[in-house]
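The values are calculated or read from the model by the stated rules, or taken from the named source; none is laboratory data. Every value quoted in this text rests on a predicted model; they were computed, and no experiment measured them. Cβ placement follows ideal geometry from the backbone for every residue including glycine, while neighbour counts extend to all protein chains displayed.
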């Protein structure tokens, strides 16, 4: 998986994406999921690294089966909040 972190004064924003779908674009109904390398491609990371960083993130964009599984396992997202666009799972998380 690829993970890219964006840090601001108040937030840790994380983008996580499975390697196989990076750079692809998916459409379904009114939704488009565009997995831009400029946004998602950061470090090549393990599942444990993803879980650790997601646990600290305030905002996250997560795409792909492996990435979503990590987010669910660490409790960052609930499985029923995941949407599917052309079969690709995607979720966003915001901690207030």
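Residue-by-condition table, conditions (1) surrounded by 13 or more Cβ atoms within 10 Å (Cβ to Cβ); (2) at pLDDT below 95; (3) under 13 Å from the mean Cα position of the chain (by Cα):
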site: 27; (1), (2), (3): no, no, no
site: 31; (1), (2), (3): no, yes, no
site: 51; (1), (2), (3): yes, no, yes
site: 79; (1), (2), (3): no, no, no
site: 91; (1), (2), (3): yes, no, yes
Exercise. Given 69, 63, 57, which one is within 18 Å of residue 11 (Cα to Cα) and modelled with pLDDT of 95 or more?
Worked result: 57
